[in-house]
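Novice: First the structure, which I've put down as structure tokens, then a few questions once you've had a look.
The values are calculated or read from the model by the stated rules, or taken from the named source; none is laboratory data. The shown structure was predicted, so the numbers you read here are calculated from the model rather than taken from an experiment. FYI the Cβ positions are ideal-geometry reconstructions off the backbone, even for glycines, and counts take in every protein chain you see. Heads up: the accessible areas ignore ligands, DNA and RNA and are worked out on the full protein's heavy atoms, side chains in. Shrake-Rupley method; radii C 1.70, N 1.55, O 1.52, S 1.80 Å.
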Amino acid sequence: MATPRLVGWLQDIVGDDGVVSHPTELSVYDCDGYTLEKSAPDIVVLPRSTEEVAAVLKLLRREGVPFVPRGTGTGLSGGCLPLGAPVMVSLTRMNRILDLDPVNRRAVVQSGVINAWVSREAKPHGLHFVPDPSSQMACSIGGNVAENSGGPHTLKYGVTTNHVLGVTLVLPDGEVVSLGAMTEDAPGYDLLGVTVGSEGTFGIVTEAVLKLQPLPQACKTLLAVFDSVADGSAAVSAIIAGGIVPAALEMLDHMIIQAVEDAFHFGFPRDAGAVLIAELDGMEAGLEAAAGKVREICEANGATEIRVARDDREREALWKCRKRAFGALGRLAPNFCCQDGVVPPNRLPEIMERIAAIGEAYDLRIGNVFHAGDGNIHPILLYDERDRNETERVVAAGREILRECVRLGGSLTGEHGIGVEKVALMPLIFTPDDLRTMEEVRAVFDPDDCCNPNKIFPSAERQVEVRAPRRQAAM
Amino acid sequence: MSRTSLMEPVPDWDGFDDDLRLSGVAAGTPADFARFTIDGIRPERVLFPDSAEQVCRILQSARARGVALVPAGFGAHLGLGGLPLRPFAALSLVSFNALVDHQPANMTVTAQAGMSVAALQAALAGSNQWLPVDPPLPAATSVGGLISADLSGPSRFSQGTVRDLLIGITVARADGTLAKSGGRVVKNVAGYDLAKLYCGALGTLGVIVEATFKLRGLPPALAVGRMTCSDMAEARELLERIRTAPLEPRLIELLTPVPAGGGDCIIVVGFGGSDEDVADQQTTLRALAQGQTLEEQVGEDAVAVLADLRDANVLGEGLLKLKASLLPTRLTAFVAALEDASAEHGVTMAVHAHAGNGIVRVRVQRPEVENTGRSARALVEELRGAAAALGGTLVVEQAAPEVKADLDIWGDGIEALPLMQRIKEALDPKGVLSPGRFVAGI
Ligand SMILES: Cc1cc2nc3c(=O)[nH]c(=O)nc-3n(C[C@H](O)[C@H](O)[C@H](O)COP(=O)(O)OP(=O)(O)OC[C@H]3O[C@@H](n4cnc5c(N)ncnc54)[C@H](O)[C@@H]3O)c2cc1C
Ligand SMILES: Cc1cc2nc3c(=O)[nH]c(=O)nc-3n(C[C@H](O)[C@H](O)[C@H](O)COP(=O)(O)OP(=O)(O)OC[C@H]3O[C@@H](n4cnc5c(N)ncnc54)[C@H](O)[C@@H]3O)c2cc1C
């Protein structure tokens, strides 16, 4: 498929340095953060502008070649795995912040801009971009838009969809459209709203208008230590039921605490069953009282110790531990699979019990680090991919956990998306009519099914099966 | 050949009636026909289904019989949107008024589409929670109407609009099947977020049957401060001070007459939160407002002020009502354009803006303009041009039928219009739902 002709045409559009077609270089692109399955594209093309993206897609359309958009490849559901899409369009060279308007609180950025850069640039103006995935130092705004990403601080302030006002989208036929606007309430259907979270199946997002939020006046970060995840989860439910909306409510279980402590030496109690990080923000006045209430609730639910970050440095160290928890797991096993289910927060104790039971039944080590406040759990299943049988058990146990989430009234994914990973599970929560409606909408944007094919929808004729990995994972 | 015979099916009303009789759908009384009259056009039938199955059957029959349907809630105010293109049956979901599932511990609620926003809020208040939207006339606004008309109020500044709060939806499709998207948990990215598509679609894509929202705790304390400025320059300066002060306002509203001098130019700022937090912000506001008169209300009095503010535009006089969307910094420039237009057209206007969001509602108050299409069109076009020159948009929210017939209430140059038309075609290929009422005659 990587015909020299196609490579040549693509080079004509993006320059010689903008096309990758050598097999060794292509292997870098054979998976994202979901490493259970791998497949390298034939060609990677790296445009620098909306016009180049449009020209590339027009060419691919003419040649009948399906493609897959890629941000920085931190996705955790295999969203940018090139399945039936020989060409990958990587947005990493489109990494400029085009405009920052502090008075109207907007930023216009190219889609390859790294999430954390936006807040870094906005900070001198007392503003930030709210969605803060744990991968924010690496993931792109385009990826955030495609996955409708969340993060620890989206509990109170909402996820990506609540902070994007508009995007420039290049449709699969190369047409450039602008959805949403710089202003609110643009007349017409909310096509922007459906595009956010469409997992790169509508076209390629090249630019986005982001809403910026004022940095909170003050914030207070507590760390509560519990004997068990069940106690911690009960505290989470009680905090929410008490009408307090913390900016973040994150939980780490015993296994994760140990890994993080080994890696960062923050001073987490190594024998704790669970720690809960609760952050409150807002006006200085009233914050102390709210923090007091959270402390009381934690104590009433069995917290054995409560610490409060004394200054910004301690607070930042704490968040660094949380956000890099995944990385720290490398010490525990050669591979891990991070699941992403959701339950109503008051069912957290139940799902935690079920996860422990599933871990035992499948003889797997499972750790938990999660956005407790909105019931978004991230069970982490450790394994060694050289052990084929263990790998298969990981896949089966992951599915069982998600089934339990659904049974408890939850969902299959809170932020990582369906991608290829969860395609087969979609019928657990959607009827054929539900799915047909989504596919009809998809066909409006991508009638030929050539933009990121084989994702999200479990259509019988193009069923994707999760296979055992073909190569050593790159974690 | 006329457009009608080419594009529009000839409705078989008798067959439709037969189908409905078989399905046992309740029909409206003469009073209901008046209630669901849109811009002077009476519905041919008024239907009150009481189950999702009945809604689906009505849709199936309408499709087969060439009948147009306009979904509705209480229907008293179907004035938003274009003139119906064809004779229609009104399909009111007011019998769907149950609270399906409220989970206080999870801060979510599922309600049927015909429940009034006021009833919903009352039910939630028992758990000290609310759906953080404040659309006008909550007792006369159904959940379905709230979503379909994308209604919002002053609180959108801090709480967002319906689209930000809607986490799941069940819709009866134009082909008479039920389809849902989203779910009942706050965080969920399984499948496309189709709920967004129905927000503001004015019932052109499906009939909303049920919706799930995320909730907030009711703030224990509320306060509003109302400041009077002598002119827009002063107002602008005060708004800037509010914006940069250590405050977290729940709302920032600007009310001004055009031409200036016809009344006071007023800024209203609202706070909600804990007692300490609200008291602290009030102190800050007092310091800011030196030079202006500041009237303050707290608790129930604040609630009353906010209710007036919420309903003001809807209840205020003037049949020609416009909504402009601008960058917040362009607000003053737009008011200046309004001043020019008022002088030129000899009209007075009442302006009410969500100042933090850049949403400006304009009520045109001189009756001549309300009733003569031509002059109204000239005025709308002029103001639309002014909004566009400032990078914004302007739509007509309410106008006399003869005015609507004479102008495009949505304006042209709508971005991505072909995609929107394809969405309509994909989800309602036979044009059963609210034909003609949405952008570009969708
Ligand atoms: C350690 C770690 C922690 C994480 N923590 C979080 C978290 O807290 N919250 C969270 O939500 N996610 C988290 N993630 C998941 C991931 O970072 C997000 O999904 C992120 O938004 C993906 O961005 P990306 O640029 O890496 O996208 P990619 O992985 O490159 O692509 C993801 C999907 O988006 C599509 N896409 C990318 N760019 C575009 C574009 N410009 N136009 C159209 N489609 C596009 C791709 O086709 C693909 O389907 C985490 C991942 C890791 C590895
Ligand atoms: C005199 C007056 C003036 C007003 N002016 C304004 C104004 O300028 N701006 C403003 O924001 N509000 C205004 N309103 C308020 C607003 O129009 C209504 O509150 C709102 O329409 C909701 O009423 P409803 O639930 O009865 O919906 P309806 O009036 O019955 O319907 C409103 C819209 O939603 C659609 N719809 C209703 N239910 C469904 C459903 N289940 N599924 C799909 N579609 C549905 C309808 O087709 C229609 O397009 C005004 C109200 C009055 C009385």
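Novice: Within the stretch A:105-211, which helices (runs of 4 or more DSSP H) (wholly inside it) include 3 or more residues that are over 24 Å from B:Met420 (Cβ atoms)? Let's see the steps before the verdict.
Specialist: On the way: elements: A:115-122, A:141-147, A:154-157, A:191-195.
Where helices (runs of 4 or more DSSP H) fall fully within the stretch A:105-211 and carry at least 3 residues being over 24 Å from B:Met420 (Cβ atoms), they are A:115-122, A:141-147, A:154-157.
Novice: Quick check on A:Pro133: is it away from ligand 2 (no atom under 16 Å from the Cβ) and open to solvent by less than 10 Å² (accessible area, probe 1.4 Å)? Reasoning before the result, please.
Specialist: Numbers: away from ligand 2 (no atom under 16 Å from the Cβ): yes; open to solvent by less than 10 Å² (accessible area, probe 1.4 Å): no.
No: the conditions fail for A:Pro133.
Novice: May I ask you to list the residues in the stretch B:250-290 that are within 11 Å of another protein chain (Cβ to nearest Cβ), not in a strand (DSSP E or B) and not small (Gly, Ala, Ser)?
Specialist: B:Asp275, B:Glu276, B:Asp277, B:Val278, B:Asp280, B:Gln281, B:Gln282, B:Thr283, B:Thr284
Novice: Check whether at least one residue in the stretch A:233-255 is assigned to a strand (DSSP E or B), within 16 Å of ligand 1 (Cβ to nearest atom) and out of contact with any Lys or Arg (no Cβ under 9 Å at 6 or more places or on another chain), and report yes or no. If you could, list the steps in order and put the result at the bottom.
Specialist: In the first step, residues of the stretch A:233-255 are kept if they are assigned to a strand (DSSP E or B); the result is A:248-253.
Pick out the ones that are also within 16 Å of ligand 1 (Cβ to nearest atom) and you get A:248-252.
Restricting the remaining residues to those that are out of contact with any Lys or Arg (no Cβ under 9 Å at 6 or more places or on another chain) gives A:249, A:251.
Within the stretch A:233-255 (the criterion being assigned to a strand (DSSP E or B), within 16 Å of ligand 1 (Cβ to nearest atom) and out of contact with any Lys or Arg (no Cβ under 9 Å at 6 or more places or on another chain)), the answer is yes, since at least one residue qualifies.
Novice: Give the stretch A:415-433 a look and list any residue that's farther than 17 Å from A:Val394 by Cα and away from ligand 1 (no atom under 12 Å from the Cβ), or say none.
Specialist: Of everything in the stretch A:415-433, those that are farther than 17 Å from A:Val394 by Cα and away from ligand 1 (no atom under 12 Å from the Cβ) turn out to be A:Met426, A:Pro427, A:Leu428, A:Ile429, A:Phe430, A:Thr431, A:Pro432, A:Asp433.
Novice: While we're on this one: Does A:Arg270 satisfy the criteria of being part of a strand (DSSP E or B), open to solvent by 30 Å² or more (accessible area, probe 1.4 Å) and out of contact with any Lys or Arg (no Cβ under 6 Å at 6 or more places or on another chain)? Walk me through it before giving the result.
Specialist: Details: part of a strand (DSSP E or B): no; open to solvent by 30 Å² or more (accessible area, probe 1.4 Å): yes; out of contact with any Lys or Arg (no Cβ under 6 Å at 6 or more places or on another chain): yes.
No, not satisfied.
Novice: May I pose another question? How many residues are closer than 15 Å to B:Ala34 by Cα and crowded, with 24+ Cβ neighbours inside 10 Å when one looks only at the stretch B:61-88? So that I can check it myself, show each step before the final result.
Specialist: To start, the set of residues in the stretch B:61-88 that are closer than 15 Å to B:Ala34 by Cα comprises B:70, B:72-79, B:87-88.
When the remaining residues are screened for being crowded, with 24+ Cβ neighbours inside 10 Å, the result is B:70, B:72-73, B:75, B:78, B:88.
Result for the stretch B:61-88: 6.
Novice: Specify which of the listed residues (B:Thr393, B:Thr329, B:Thr293) is open to solvent by 30 Å² or more (accessible area, probe 1.4 Å), more than 14 Å from chain A (Cβ to nearest Cβ) and hydroxyl-bearing (Ser, Thr, Tyr). Break it down into steps so the answer makes sense when it comes.
Specialist: Values: B:Thr393 fails: more than 14 Å from chain A (Cβ to nearest Cβ); B:Thr329 fails: more than 14 Å from chain A (Cβ to nearest Cβ).
Going through B:Thr393, B:Thr329, B:Thr293 in turn, the sole match is B:Thr293.
Novice: Yes or no: A:Ala285 crowded, with 18+ Cβ neighbours inside 10 Å, part of a helix (DSSP H, G or I) and out of contact with any Cys (no Cβ under 8 Å at 6 or more places or on another chain)? Talk me through it step by step, then tell me what you get.
Specialist: Numbers: crowded, with 18+ Cβ neighbours inside 10 Å: yes; part of a helix (DSSP H, G or I): no; out of contact with any Cys (no Cβ under 8 Å at 6 or more places or on another chain): yes.
No; evaluated as a whole, the condition is false for this residue.
Novice: Between residues in the stretch B:393-415 that are under 29 Å from B:Pro328 (Cβ atoms) and residues that are assigned to a helix (DSSP H, G or I) and within 15 Å of ligand 2 (Cβ to nearest atom), which pairs lie under 7 Å by C-beta distance while being six or more apart or on different chains?
Specialist: Pairs that qualify, where the first residue is under 29 Å from B:Pro328 (Cβ atoms) and the partner is assigned to a helix (DSSP H, G or I) and within 15 Å of ligand 2 (Cβ to nearest atom), are B:Val396/B:Val380; B:Leu407/B:Val380; B:Trp410/B:Val439; B:Ile414/B:Val439.
Yes/no per residue for (1) surrounded by fewer than 24 Cβ atoms within 10 Å (Cβ to Cβ); (2) more than 26 Å from B:Leu85 (Cβ to Cβ):
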| site | (1), (2) |
| --- | --- |
| B:Gly145 | no, no |
| B:Pro154 | no, yes |
| B:Arg163 | yes, yes |
| B:Thr170 | yes, yes |
| B:Asp193 | no, yes |
| B:Phe213 | no, yes |
| B:Ala221 | yes, yes |
| B:Val224 | no, yes |
| B:Cys229 | yes, yes |
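Novice: Now a separate question. Pairs, please: C-beta under 6 Å, at least 6 apart or cross-chain, first residue under 16 Å from A:Ala116 (Cα atoms) and at pLDDT below 95 and in the stretch A:148-162, second within 12 Å of ligand 1 (Cβ to nearest atom) and outside any loop (DSSP other than H, G, I, E, B)?
Specialist: Partner pairs satisfying both residue conditions: A:Pro152/A:Ala248; A:Pro152/A:Glu250; A:His153/A:Ala248.
Novice: Which members of the stretch A:414-462 meet the condition of being without any contact (Cβ under 8 Å) to a residue 24 or more places away in the chain, facing another protein chain (nearest Cβ under 8 Å) and of a type in the set (Asp, Glu)?
Specialist: Once the filter is applied, which keeps residues that are without any contact (Cβ under 8 Å) to a residue 24 or more places away in the chain, facing another protein chain (nearest Cβ under 8 Å) and of a type in the set (Asp, Glu), the stretch A:414-462 yields A:Asp433, A:Asp434, A:Glu440.
Novice: When you go through A:Leu83, A:Leu127, A:Leu155, A:Leu100 one by one, which is the residue that is surrounded by 24 or more Cβ atoms within 10 Å (Cβ to Cβ) and more than 16 Å from ligand 2 (Cβ to nearest atom)?
Specialist: Working: A:Leu83 fails: surrounded by 24 or more Cβ atoms within 10 Å (Cβ to Cβ); A:Leu127 fails: surrounded by 24 or more Cβ atoms within 10 Å (Cβ to Cβ); A:Leu100 fails: surrounded by 24 or more Cβ atoms within 10 Å (Cβ to Cβ).
Just one listed residue meets the conditions, A:Leu155.
Novice: Only one residue in A:Pro246, A:Pro216, A:Pro187 is within 30 Å of B:Gln282 (Cα to Cα), within 14 Å of chain B (Cβ to nearest Cβ) and open to solvent by 20 Å² or more (accessible area, probe 1.4 Å), so which one is that?
Specialist: On the way: A:Pro246 fails: open to solvent by 20 Å² or more (accessible area, probe 1.4 Å); A:Pro187 fails: within 30 Å of B:Gln282 (Cα to Cα).
Going through A:Pro246, A:Pro216, A:Pro187 in turn, the sole match is A:Pro216.
Novice: Scan the stretch A:345-366 for residues that are in contact (Cβ under 8 Å) with a residue 60 or more places away in the chain and out of contact with any Leu (no Cβ under 7 Å at 6 or more places or on another chain) and jot them down.
Specialist: A:Pro345, A:Asn346, A:Leu348, A:Pro349, A:Met352, A:Glu353, listed by residue number.
Novice: Here is a follow-up. Assess whether A:Ala107 counts as being away from ligand 2 (no atom under 16 Å from the Cβ), under 19 Å from the mean Cα position of the chain (by Cα) and small (Gly, Ala, Ser).
Specialist: Working: away from ligand 2 (no atom under 16 Å from the Cβ): yes; under 19 Å from the mean Cα position of the chain (by Cα): no; small (Gly, Ala, Ser): yes.
The answer is no for A:Ala107.
Novice: Suppose the filter is polar (S, T, N, Q), over 27 Å from B:Leu327 (Cα atoms) and more than 16 Å from ligand 2 (Cβ to nearest atom); does A:Ser119 pass it? Even if it seems obvious, please write down each step before you answer.
Specialist: Details: polar (S, T, N, Q): yes; over 27 Å from B:Leu327 (Cα atoms): no; more than 16 Å from ligand 2 (Cβ to nearest atom): yes.
Against the criterion (polar (S, T, N, Q), over 27 Å from B:Leu327 (Cα atoms) and more than 16 Å from ligand 2 (Cβ to nearest atom)), A:Ser119 does not qualify.
Novice: On to the next question. Residues of the stretch B:413-424 being in contact with a helix residue (DSSP H, G or I) (Cβ under 8 Å, 6 or more places away or on another chain) and open to solvent by 20 Å² or more (accessible area, probe 1.4 Å), which ones? Can you show your working first?
Specialist: Kept after step one, since they are in contact with a helix residue (DSSP H, G or I) (Cβ under 8 Å, 6 or more places away or on another chain), are these residues of the stretch B:413-424: B:413-414, B:416-417, B:419-423.
Residues satisfying the conditions are B:Gly413, B:Ile414, B:Leu417, B:Gln421, B:Arg422.
Novice: Where residues in the stretch B:96-152 are within 14 Å of chain A (Cβ to nearest Cβ) and charged (D, E, K, R), which of them is nearest to B:Thr204 (Cα to Cα)?
Specialist: If we take residues in the stretch B:96-152 being within 14 Å of chain A (Cβ to nearest Cβ) and charged (D, E, K, R), then B:Asp150 is nearest to B:Thr204 (Cα to Cα).
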